[in-house]
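Q: My structure is below; once you've seen it, I'll send some questions.
The values are calculated or read from the model by the stated rules, or taken from the named source; none is laboratory data. Keep in mind that what you see is a predicted model, and the values were worked out from it rather than measured. Using ideal geometry, Cβ is built from the backbone for each residue, glycine included, and neighbour counts are taken over all protein chains shown.
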Amino acid sequence: MSALGVIVAVVSVAAAAAFGAYIAAWVDIVLARAVAGVPVRPLDALIAPVSWGAAVALKARTTTERPDGETWALAPALLAALAAVGLAAAPLAPGLLAADVASGIVLFGAAMALVVVAVFLQGWSPNSPLPMIGGYRFIAEGLSYEIPLAVVLIAAALPARSLAIAPIVVSQENLWNVIRQPLGLPLYLMAALGLAFWGPLALPEGVDLAGGSSLEISGVSRILWRVAQLMVLVAVSAMGAAVFLGGWLGPLLPGAAWMIAKTLVLLVLLIGARHLVARVPTERYVIASWAILIPLSLLDVFIAGIQALVAAR
Amino acid sequence: MTSTLARLASGAPSRCFALAGAGAGDVGPWLRLDPSVAIVDSPRAADVLLVLGRLEGEMLHAAAAVHDAIPPPRGVVVWSPDGWSSRRWPFVDAVTVRDASEIAPACRRLRDDLFRRRLASSPDALPDLDPAPWRGVGPFGQGGAGMTGGVPYGRPLAGRADDRDGLRLDQILVRVGPFLPPFPPGLLLDVRLQGDVIQEATIPAPIADDAGASGREGPSGAPVPHGHPARLAVAADSPFTTALTRPVPIAELELARARHHLAWLAEALRVSGLEAYGLRALKLAFGLDLESAESIDALDRWLRRNVSLRWGTNRVGVVTRAQAEGLPGGPVARASGDDRDARSLDPAYQRLGFEPVVRGGGDALARWRLRVAEARQSVQLAKRSRTSESTPSGVIEDPRGPLSDDVPPSAGLVALLPALLVGMEWGDAVTTVVSLDIGVIDPAVREVTSEGTGP
């Protein structure tokens, strides 16, 4: 790829991630109003994220007593960068892929595995107890979502016999992975909630910790952190759409339209979980993950392996 | 640039960090229904410090620290229905309102004026000093009592101890409160944490203050001496306070009880991560009438079907039957199988066929279910009662428990906390404290604990 191509790809991914985060914020507001039983007013909700951002931007960036300033500043940038890398691995349409690498699914998995570092830094850096507990929590639950996520992604790659995302999409021409591997998408979405520390698995930032790892941030740092978190949600939704819902495959509409629509569906599901599913206690989630989710993900990859063997004959 | 941002920001709700003091009543929950105000969980996310009711003694000092944690530009709005003020008031430029309906517009105006620079940000109320003098010898706090036993800036370094899995891990000592949002305002806890797990919880001894000499009145109008437990959690304008001395229509009492339980449910749902559904409960609470039983049923059905809520509350914070019997009564005791309810002794309630709602289990789930069932029962009682009035007897069943001149409604619950919380993960501890519905606490509550009141 030429230098110009790299620049175009980086700008495109950044724009897509930022726009996706804006849409995610809008969906969140609309769903919150719907669940609360107040008038939804979707058009008014379009301006709400902008108003919120302006109000937060006008506030000073505060500090705490003896924070680790460098890592504190790094945390939102790292999270946003990891989300962008994850999104770059998801193809919008045939040939329309920012990070067209032979092991795209590994790239995505590696980027998402490092989210734990960004969240821990955000919690640990301000030298404040409740954010630090939030950071601890994320470390404690890390493997509990990372293992199911990695295993179901491997299972989804098996029918394609490739770790690149485009062949995985093409391998779903006859049957989407959501049907071929029925355990895959539900497990992926549960892991995605943990990865994006969102909704029932917003454990590092729970109300019980008064905001946890993001309790001490204000001003532009708060905006960056929230946008980066929404970017992670968009990235996992896009990858879920590509790997389990056939990506750009679909009749009549252009491939990109199908990909965007499927990403939106997963985004709505993930955001809706925030308003309908209560926070899960950390220890019970970890136990459930090791006792149920990880064995189910292994079953998923086992079934996918058998299917691949049968198909090869 | 700033004026453009200020124009855009005017469409956002005014973000307030609310401090509830004595007499705040249910103004805080009620404000959550106003879309022009957002009550936030961290002062760092706030524009306005909102003081509801009276703050005294060390609560005022804590309020000043919270104020200084709000990033500039910031302002202070005080709701003071009786025009109360303190000579130790730390905020020089606070906007005071008397009418609750004026709170949201005042917050909004103040926020807009701050953003448009028509007003200066409220200055720091406390000096920016280290919380305690440097007491270590070396640059990292080493020295003092042993190579790693220094106490830099008055804080002990993390020590190590065995955890529940047999590992030796760091422990940190953290003081939480008195304004940690999920906790009752005024509650101070010293907790020793190992990761997310509470290894030790104590309620610190009170700091001497002059609050008790303020000449405040108890529920029956009698002066309350310093440290008297009746200083706690009693709203002077509550119908339950009035019913101690005068007959009050049962419909009024029972609708107030149902409203309280539903407002509590909204807060409990919010702490469980279901803020939007909590707003639904809050709307029901403040729109409550004699025909609301079916709406409460619908809410109850939803709660029962929500597996995740059951998962987060089942077997959490169990108050045993023996512990319940050490309490003066109230919903927490009834959720542990103890059927005491002061209404059972009132002839007016007996004529209505009143039977206390009782649940077993004693965990947070049982307390959730009991309060929803009581809210429903209260609406039905209100509907049946027509013109019946309560019989004053010196004791009334407040939504939090029996209230008298001598005993506040949530007496004994704070004393239960240390034993309940040890060994819990922080999230479960918060679920437990919220499920007890302790109410606003004055610093004197810790005197109650230290005197050994409660089981």
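Q: For region A:11-58, which positions are at the interface with chain B (Cβ under 9 Å from one of its Cβ atoms), more than 30 Å from residue B:282 (Cα to Cα) and surrounded by 18 or more Cβ atoms within 10 Å (Cβ to Cβ)?
A: Hit for region A:11-58 is A:58, nothing else.
Q: A follow-up question, please. Inspect region B:146-161 for any residue being at pLDDT 75 or above, farther than 16 Å from residue B:425 by Cβ and in contact with a strand residue (DSSP E or B) (Cβ under 7 Å, 6 or more places away or on another chain) and give the result as yes or no.
A: Within region B:146-161 (the criterion being at pLDDT 75 or above, farther than 16 Å from residue B:425 by Cβ and in contact with a strand residue (DSSP E or B) (Cβ under 7 Å, 6 or more places away or on another chain)), the answer is yes, since at least one residue qualifies.
Q: Pull up region A:165-195, narrow it to residues that are outside any helix (DSSP H, G or I) and free of Cβ contacts under 8 Å to residues at least 60 places away in the same chain, then point me to the one that is surrounded by the fewest Cβ atoms within 10 Å (Cβ to Cβ).
A: Once the filter is applied, the top-ranked residue is A:174.
Q: Does residue A:8 satisfy being away from chain B (no Cβ under 14 Å), under 30 Å from residue A:168 (Cβ atoms) and either touching a helix residue (DSSP H, G or I) at 6+ places or on another chain (Cβ under 6 Å) or in a helix (DSSP H, G or I) (or both)?
A: yes
Q: For region A:77-96, indicate whether the set of residues that are closer than 30 Å to residue B:11 by Cα, buried (at least 23 other Cβ atoms within 10 Å of the Cβ) and within 11 Å of chain B (Cβ to nearest Cβ) is non-empty.
A: No, because not a single residue in region A:77-96 is closer than 30 Å to residue B:11 by Cα, buried (at least 23 other Cβ atoms within 10 Å of the Cβ) and within 11 Å of chain B (Cβ to nearest Cβ).
Q: Residues that are under 28 Å from residue A:45 (Cα atoms) and either over 16 Å from the mean Cα position of the chain (by Cα) or surrounded by fewer than 23 Cβ atoms within 10 Å (Cβ to Cβ) (or both): does region B:52-60 have at least one?
A: Within region B:52-60, not a single residue is under 28 Å from residue A:45 (Cα atoms) and either over 16 Å from the mean Cα position of the chain (by Cα) or surrounded by fewer than 23 Cβ atoms within 10 Å (Cβ to Cβ) (or both).
Q: Determine which member of the set B:388, B:295 is within 14 Å of chain A (Cβ to nearest Cβ), among the polar types (S, T, N, Q) and either closer than 20 Å to residue B:278 by Cβ or surrounded by fewer than 23 Cβ atoms within 10 Å (Cβ to Cβ) (or both).
A: None of the others qualify; the one that does is B:295.
Q: I'd like to know if region B:92-112 contains one or more residues that are part of a loop (DSSP other than H, G, I, E, B) and buried (at least 18 other Cβ atoms within 10 Å of the Cβ).
A: The answer is yes; a qualifying residue exists.
Q: Quick one: which helices (runs of 4 or more DSSP H) lie wholly within region B:398-454 and hold at least 3 residues that are crowded, with 24+ Cβ neighbours inside 10 Å and either over 16 Å from the mean Cα position of the chain (by Cα) or at pLDDT below 70 (or both)?
A: Because the criterion is at least 3 residues that are crowded, with 24+ Cβ neighbours inside 10 Å and either over 16 Å from the mean Cα position of the chain (by Cα) or at pLDDT below 70 (or both), the helices (runs of 4 or more DSSP H) in region B:398-454 that meet it are B:426-436.
Q: Looking at residue A:224 and the list (1) away from every other protein chain (no Cβ under 11 Å); (2) under 23 Å from residue A:293 (Cα atoms); (3) in a helix (DSSP H, G or I), which single condition is not satisfied?
A: Failing condition for residue A:224: (2).
Q: Is region B:86-108 home to any residue that is within 14 Å of another protein chain (Cβ to nearest Cβ) and at negative phi?
A: Yes, region B:86-108 contains at least one residue that is within 14 Å of another protein chain (Cβ to nearest Cβ) and at negative phi.
Conditions tested, residue by residue: (1) touching a Pro at 6+ places or on another chain (Cβ under 6 Å); (2) modelled with pLDDT under 95; (3) within 14 Å of another protein chain (Cβ to nearest Cβ).
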| position | (1), (2), (3) |
| --- | --- |
| B:226 | no, yes, no |
| B:232 | yes, yes, no |
| B:235 | no, yes, no |
| B:240 | no, yes, no |
| B:249 | no, no, no |
| B:254 | no, no, no |
| B:257 | yes, no, no |
| B:305 | no, yes, yes |
| B:311 | no, yes, yes |
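Q: Moving on to the next point. Output the residues belonging to region B:287-316 that are aliphatic (A, V, I, L, M), without any contact (Cβ under 8 Å) to a residue 60 or more places away in the chain and closer than 27 Å to residue B:31 by Cα.
A: Residues satisfying the conditions are B:298, B:309.
Q: Six or more apart or on different chains, Cβ under 7 Å: which pairs go from a residue in region A:137-152 that's under 17 Å from residue A:240 (Cβ atoms) to one that's of a type in the set (Phe, Trp, Tyr) and modelled with pLDDT of 95 or more? Could you list them?
A: A:149/A:188; A:152/A:188
Q: Just to be sure I understand, how many residues within region B:363-398 are basic (Lys, Arg) and more than 17 Å from residue B:330 (Cα to Cα)?
A: Within region B:363-398, residues that are basic (Lys, Arg) and more than 17 Å from residue B:330 (Cα to Cα) number 3.
Q: Does any residue of region B:2-12 turn out to be within 14 Å of another protein chain (Cβ to nearest Cβ) and of a type in the set (Lys, Arg)?
A: Checked against the condition, which is being within 14 Å of another protein chain (Cβ to nearest Cβ) and of a type in the set (Lys, Arg), region B:2-12 yields at least one hit.
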